[in-house]
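Some notes on the structure that comes next.
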Amino acid sequence: MLARLADETFDVVVVGGGITGVGAALDAADRGLRVALVERDDLASGTSSRSSKLVHGGLRYLQTGDVQLVREALRERQRLLENAAHLVRPLPFVLPVLHEGGAVPAKLAKALGSALWAYDRAGAARIGEQYRRLDRDEVLDLAPTLPAGRVAGGYLYWDARADDARLVLAVARTAASLGAVVTTRTPVCGMAHDHAGRVRSVTVGAGGTGGQTIDVRTRAVINAGGVWADDVRALDEGHHPDTLRPAKGIHVTIRLARVGVRAAVVVPVPQDKRSLFVVPWGDHAYVGTTDTDHDGPLDDPQCTPDDLAYVLTALNHSFTSGITEADVTGTWAGLRPLVKAAGSGRTADLSRRHTVQVAASGVVTVTGGKLTTYRPMAEEAVDAVESLLGRTSHCRTAGLRLLGAPDAGAGVPPDDHLGGRFGTEATLVRELAESHPALAEPLVPGLPYLAAEAVWSARHEQATTLTDVLERRTRARLLDHGATLQAAPAVAALLVPELGWDAAEQARQVDDYRRSARHEWASAGLHDRTVNEP
Ligand SMILES: Cc1cc2nc3c(=O)[nH]c(=O)nc-3n(C[C@H](O)[C@H](O)[C@H](O)COP(=O)(O)OP(=O)(O)OC[C@H]3O[C@@H](n4cnc5c(N)ncnc54)[C@H](O)[C@@H]3O)c2cc1C
């Protein structure tokens, strides 16, 4: 891939390997453009591995009047349920209605019903289920630790969920299968222009810390740099345009048994006009998210003690099981690349719509939007590139199956551990696991991942560090921070023959992983419970 970067001339170089960038690379490759995607760190290492992992229309955007966004997102949700059927799965949501001070808030119950009616009309019902009312017992059956005495009833509706980092990976690998060059650990650090001011190459770091660079010849650039998009624009425009307002959102993972939910549950945040989702994920549940201005370093958003307290307070307002910091097994924080709006107050009120900005130099910047709506964002960006290049073609990604998705008519792959992560490739991963007893062992004790998945990720998924494997190819770090700290040396040992590490590199990988995981824990003010690990 690196040799191709240096040798070929591209129609378009995509900067950034989050969902927006990989989506653009896939669309461009599918239209027959010569495309290279360069990511400075790992695929999905930015916001795209730190979302709430919902593929949804966004019920709350109906409240803010963004009906167009909801319609578009629901259309895309449906497409993803077909084109990535192994990764994107329907998920039931419960909206409980609780007595407040002894009375059922009738106005609230009615408003929720109308919102869900409108959601179904906007396209939500296409999932095959319509929203319905739940009586008190049905709510308590799905969410048994809600306060039984206060539950008046509720509603059930459907959205979908995906492992965001694996969705990015599947889109990237599909793009590569159509001829796209996809490289990681290749930061863009410069752009060169011709005498007319048109971009003719981008300079990419390719030597790790060694400082080696490659000038990649290209006719156009798609800037999908997420919250860093203004920095990438500065390389083209010579000054920093300062158009973005990063908004932080955090999540907290706890053991499922502590809340016992059998569906995602929407809980209100007292004294704040927001709600949190409590989403079951295997033997765990994650809770989020927050929405606050972020003025710290873009490379290091963290869950703080205040964020944690906000989530735990809201959780304990609605659930009776008394959840404390000791129950937290993981945290993650991400930054929404929101576009600044004149005079806007809270980040929660800023639009989630995307913008596409085309510079005469041939750099197309696409920012904002949602994980769910990456495909139309990509379509718009690639249309803009084609118009710069003086060509036109039609986007065909609406019906394009991602790698691992079953063909049309083949049915949905099994929702077991491997089927839900690898789809049609699950058989190959299973064969690898069966090829050696050690590979069929758990990767991280207590979590469902197999050792074979780490080996597979190094061979076929461009994983090159221990963090890639524990945080994004598997989601072990998000689920159980402490267990990954313990397992880090064993996982590194598995990767040694795959990635050719010497003893010093192996030790460095373990140190890097532990340092960053501990920093995350300490930032949240959480007590390190793994001081005695080997
Ligand atoms: C807390 C939270 C919850 C969310 N929940 C949902 C949800 O449930 N559903 C939903 O649909 N959406 C959700 N979103 C929104 C969604 O996650 C984002 O819109 C989306 O992930 C943004 O993707 P991106 O590719 O634009 O940015 P990123 O994923 O950040 O990708 C940008 C990439 O560019 C790379 N990069 C930057 N500079 C350079 C450079 N110079 N050279 C090379 N590469 C570079 C970065 O390393 C990064 O990988 C959520 C967002 C947050 C923060």
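Spin-label pair D512-H527: with each label point 7 Å from Cα along the Cα-Cβ axis, the two points sit 3.2 nm from one another. Report relative contact order for the chain in percent, whole number only (criteria: Cα-Cα under 8 Å, sequence separation at least 6). Averaging sequence separation for qualifying contacts and normalising by length gives 18 percent for the chain. By definition, a body whose alpha carbon gyration tensor gives a ≥ b ≥ c is prolate when a/c is 1.5 or more and a/b is larger than b/c, and the range 394-510 fits this prolate description. Estimated from helical segments only, the mean residue ellipticity of the chain at 222 nm is -10500 deg cm²/dmol, where each DSSP H run of four or more residues counts as -39500 (n - 2.57). Mind running the shape call on the range 161-273? Use the C-alpha gyration tensor, a ≥ b ≥ c as the square roots of the eigenvalues: rounded below 1.5 for a/c, prolate if a/b tops b/c, oblate otherwise. It is prolate, given that a/c is not under 1.5 and a/b is the larger ratio. Coupling constants for the range 6-15 follow from the phi torsions by the Karplus curve (6.51 cos²θ - 1.76 cosθ + 1.60, θ = phi - 60°), and in residue order they are 6, 8, 8, 10, 9, 6, 8, 9, 9, 9 Hz; glycine and proline get x. Residue pairs exceeding 28 angstrom between C-alpha atoms, taken from K273/K370; K53/K273; K110/K248; K53/K340: K110/K248. Rounded, prolate or oblate: which one fits the range 205-349, using the alpha carbon gyration tensor with axes a ≥ b ≥ c (rounded when a/c is under 1.5, else prolate when a/b beats b/c, else oblate)? Prolate, because a/c is 1.5 or more and a/b exceeds b/c. Most tightly packed first, judged by the mean number of other beta-carbon atoms within 10 Å of their residues, the peptides 59-72, 29-42 read 29-42, 59-72. Counted as membrane-span-like here are DSSP H helices of the chain whose alpha-carbon atoms extend 15 Å or more along the helix's own axis and whose Kyte-Doolittle mean is -0.5 or above; these are 19-30, 106-121, 164-177, 305-318, 374-389, 481-499. If the chain linking H436 and A504 were pulled fully straight, counting 0.36 nm for each residue of separation and taking away their Cα-Cα distance, it would gain 21.8 nm.
Normalised by the number of residues in the range 272-385, the mean separation of alpha-carbon contacts (under 8 Å, six or more apart) gives a relative contact order of 17 percent. Our summary gives the range 68-162 a relative contact order of 42 percent, counting only alpha carbon pairs under 8 angstrom and 6 or more residues apart. Summarising the amide proton neighbourhood of H99: residues at separation of 5 or more, or on other chains, whose placed amide H is nearer than 5 Å comprise V151, A152. Considering only the chain, what is the antiparallel percent among its DSSP beta bridges, to the nearest 5? About 80 percent, rounded to the nearest 5. Ordered by the number of other Cβ atoms lying within 10 Å of each residue's own Cβ, fewest first, R472, R401 fall into the sequence R401, R472.
Bear in mind these aren't lab numbers, they're just calculated from the coordinates by the rules spelled out. Note that the structure is predicted; figures quoted are calculated from it, not measured. In this analysis, Cβ positions are derived from the backbone assuming ideal geometry, glycine residues included, and neighbour counts consider all displayed protein chains.
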